[in-house]
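The values are calculated or read from the model by the stated rules, or taken from the named source; none is laboratory data. Every value quoted in this text rests on a predicted model; they were computed, and no experiment measured them. Backbone-built Cβ (ideal geometry, glycine too); neighbour counts: all protein chains shown. Side chains are part of the model used for accessible areas, which takes the heavy atoms of the whole protein and leaves out ligands, DNA and RNA. Shrake-Rupley method; radii C 1.70, N 1.55, O 1.52, S 1.80 Å.
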Amino acid sequence: MAIEYLKRGKPDAERSQDDAKVRSVVEAALSDIEQRGDVAVREMSEQFDSYSPASFKLSPSEIEALMARVSARDMEDLKFAQAQVRNFAQAQRDSMLDIEIETLPGVILGHKNIPVQSVGCYVPGGKFPMVASAHMSVATASVAGVPRIIAATPPFKGEPNPAVIAAMHLGGAHEIYVMGGIQAVGAMAIGTQTIEPVHMLVGPGNAFVAEAKRQLYGRVGIDLFAGPTETMVIADETVDAEICATDLLGQAEHGYNSPAILVTNSRKLADETLAEIERLLQILPTADTASVSWQDYGEVIVCDSYEEMLDVANDIASEHVQVMTDRDDWFLDNMQSYGALFLGVRTNVANGDKVIGTNHTLPTKKAGRYTGGLWVGKFLKTHSYQKITTDEAAASIGSYCSRLCLLEGFVGHAEQANVRVRRYGRQNVGYGEAAKPIK
C-alpha cells in the first residue's frame with residue numbers, strides 16, 4: 001500500500017490520556033449520585049449548568065407553555081422531521097416478526113419481540129439544542145411500544161429549550177426532565193428519591209455522557225457507545241474541494257474533539273480541500289469550535305486505489321461515511337464497518353442528522369465493527385420459548401437430552417429428561433435408550 005497522510009490528528013496516546021481523565025470524573029460523579037441521589041444531581045446541575053429549578057421534572061402546564069413559544073413554521077418542520085423518523089422506524093418494526101415453528105412433530109419453538117419496559121432518552125443541548133435527537137430516541141422508542149419513556153435534556157441559556165421539549169412531548173415522552181450530562185444519565189439509570197430508574201439508556205452525548213453510559217452498562221442496557229461525532233468523506237475527482245471541505249467542517253463544528261477525515265485517491269483534490277478548509281474557517285460562524293476540532297482531529301489520507309480507500313475506511317470505521325465517487329454502490333456493497341453511509345453528492349450527513357428518517361445515534365470509536373446504530377429493534381428484546389405437545393416428542397427429545405447431559409456429567413439435568421421419558425415413553429419404542437435413572 002502507498003497510503004500518504006497529508007494531515008494527522010492527535011496521537012492515540014494523547015487521546016488515551018484525555019479518556020482517562022474523563023473516566024475518573026464520571027466514576028466519582030456516578031458514585032455520588034448513588035449515595036446522595038437528588039442532592040447530588042442538584043449540586044451537579046448548579047455546578048455545570050448553573051440551573052436549579054424547584055423541580056427538574058416539567059409539569060404538563062410547563063410543557064404546554066414551552067411548546068406555545070415554538071413558531072408555527074418551526075413546529076411544522078419539527079413535525080415533518082419526526083414523521084420521517086417514525087415512518088422509517090415503523091417499516092423497520094414491521095420487518096421484525098414473531099415466529100413459531102414446529103421443528104419436529106410435537107416440538108414447537110418460537111420467539112416474541114417484547115419492548116423494553118422503561119427507557120431513558122438523553123437529548124444533548126448544552127451548546128446546541130439537539131432537537132433531532134428527541135425524534136431519534138423518544139419517537140423511535142414510542143414506535144417500538146416502550147410503555148415508559150423518560151427524556152432528559154440540559155438547559156439551554158439557563159432555561160428549557162422550547163423546541164427540544166416540543167419534540168420530546170410529540171415524540172411520546174411520558175416524563176421530561178431538564179438535566180444535563182452525567183447527572184442526567186446517572187439519575188435515569190441509578191434512580192433517585194424522585195426518579196424511578198429505567199431499564200435502558202439511549203441517546204448521544206459528549207465524552208462524559210458516553211463514558212457514563214459505558215460505566216452504567218450492565219446495571220442498565222444501552223443503545224451503543226455514542227461519543228463525539230465522527231465523519232469521513234470518501235471522494236474521488238468526480239467532486240470538488242468545496243463539497244468535501246463543507247462536509248468535513250459541517251460535522252467538525254459539533255465539538256472540539258470531532259474527527260473529520262478525508263480519504264481520497266486524488267492528491268489534487270486533497271490539496272485543494274486543505275486550502276478550501278482554511279478559507280471556510282475564516283468565514284464559518286462556528287469556526288471557534290470547528291477549527292480546534294480540525295486542528296486536533298482532522299486527517300487527510302491519500303490512497304493509490306479504490307481498494308486502498310475501502311481498506312482504510314473499514315479500518316477506521318467512522319460514524320458517518322459520506323461517499324462521493326464514480327462507484328458509490330461498490331462502496332455500499334463492500335463497506336463492512338461504519339455507522340451510516342451517505343451515498344452520492346446529492347445527500348449529506350446533515351440530512352441524516354436532522355430530517356431524512358434514518359437514525360442519527362450511531363457507533364463511534366470503531367464500534368461500527370460490531371454494532372449498528374440506534375433503531376427500533378434496539379428497544380425490543382427477542383425472547384425464545386418452547387413447548388412439547390405430544391408424548392412421542394417428549395420421549396424422543398428426552399432420550400437425546402438425557403444422553404447428552406451425561407456426556408457432560410450433568411446427572412441432575414439428565415434426570416429432568418429421564419422422568420419424562422419414563423412417563424411418556426410408551427416403552428421408548430423407536431426413541432433409543434435414555435440414561436439410567438437415579439436410584
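Between residue 62 and residue 128, how high is the FRET efficiency from 1/(1 + (r/R0)^6) when r is the Cβ-Cβ distance and R₀ = 25 Å? Nearest 0.05. Between residue 62 and residue 128 the formula returns 0.65. Model label points for residue 100 and residue 311, set 7 angstrom from Cα along the Cα-to-Cβ axis, are 5.2 nm apart.
For residue 91 and residue 381 in the same chain, what is the full-extension length gain: residue separation times 0.36 nm, less their Cα-Cα distance, in nm? Before the final figure, lay out the partial values.
Details: separation 290, 0.36 × 290 = 104.40 nm, distance 1.75 nm.
Fully extending the segment from residue 91 to residue 381 adds 102.6 nm.
The long axis of helix 207-216 is offset from the longest Cα principal axis of the chain by roughly 10 degrees. Here the contact order of the chain, divided by its residue count and restricted to Cα pairs under 8 Å and six or more residues apart, works out to 19 percent.
Protein heavy-atom accessible surface, 1.4 Å probe, per residue over the chain: 48 Å². Short-range pairs are left out: with C-alpha atoms under 8 Å and at least six residues apart, the relative contact order of region 162-293 is 18 percent. Build a GNM of the chain with springs between Cα atoms under 10 Å apart, and of 408, 319, 27 the one that fluctuates most is 408. Fully extending the segment from residue 46 to residue 371, taken as 0.36 nm per residue of separation minus the present Cα-Cα distance, adds 113.4 nm. Classify region 25-169 as rounded, prolate or oblate, taking a ≥ b ≥ c as the square roots of the eigenvalues of its Cα gyration tensor: rounded when a/c is under 1.5, otherwise prolate if a/b is larger than b/c and oblate if not. Note, shape of region 25-169 comes out oblate.
Carbon-plus-sulfur accessible fraction, region 184-297 (probe radius 1.4 Å, protein heavy atoms only): 51%. For the chain, the longest principal axis of the C-alpha atoms and the axis of helix 391-407 are separated by about 70°.
Counting only chymotrypsin sites (Phe, Trp or Tyr not before Pro) that sit in a DSSP loop (anything but H, G, I, E, B) with at most 15 other Cβ atoms within 10 Å, what is the longest stretch of the chain containing none of them? Longest gap between qualifying sites, sites excluded: 1-369.
Placing +1 on each Lys and Arg Cβ and -1 on each Asp and Glu Cβ, with no other charges, gives the chain a dipole about its Cα centre of roughly 2220 debye.
Using the Cβ-Cβ distance between residue 2 and residue 346 with R0 = 30 Å, the FRET efficiency computed as 1/(1 + (r/R0)^6) comes to roughly 0.45.
Between residue 174 and residue 80, the modelled label-to-label distance comes to 3.3 nm, taking each label 7 Å out from Cα in the direction of the beta carbon.
Taking all Cα pairs closer than 8 Å and separated by 6 or more residues, the relative contact order of region 73-193 comes to 25 percent. A dipole drawn for the chain from +1 and -1 charges on Cβ atoms has a positive end, and of 258, 54, 133 the residue lying farthest that way is 54. Pick from 405, 303, 244 the residue whose mean-square fluctuation is largest in a GNM of the chain, springs joining Cα atoms under 10 Å. Answer for the Gaussian network model of the chain: 405. Just to confirm a number: summing +1 for Lys and Arg and -1 for Asp and Glu over residues other than residue 132 whose beta-carbon lies under 12 angstrom from that of residue 132, what do you get? Net charge in that neighbourhood comes out at -1. Across all directions, the average flat footprint of the convex hull enclosing the Cα atoms of region 20-109 is 13.2 nm².
Any chance you could run the full-extension gain for residue 199 through residue 12? It's 0.36 nm times the residue separation minus the Cα-Cα distance, nm to one decimal.
Full extension of this stretch gives 63.9 nm more.
Every helix of 4 or more DSSP H residues in the chain counts as -39500 (n - 2.57), and over all residues that averages to -14000 deg cm²/dmol at 222 nm.
Here the simple spin-label model places points 7 Å from the Cα toward Cβ, and for residue 268 and residue 31 these points are separated by 6.0 nm.
The orientation-averaged shadow of the Cα convex hull for the chain, equal to a quarter of the hull surface, comes to 27.6 nm².
Taking all protein chains in place and a 1.4 Å probe, what share, in percent, of the accessible surface of region 334-393 do carbon and sulfur account for? The nonpolar share, carbon plus sulfur, comes to 49 percent.
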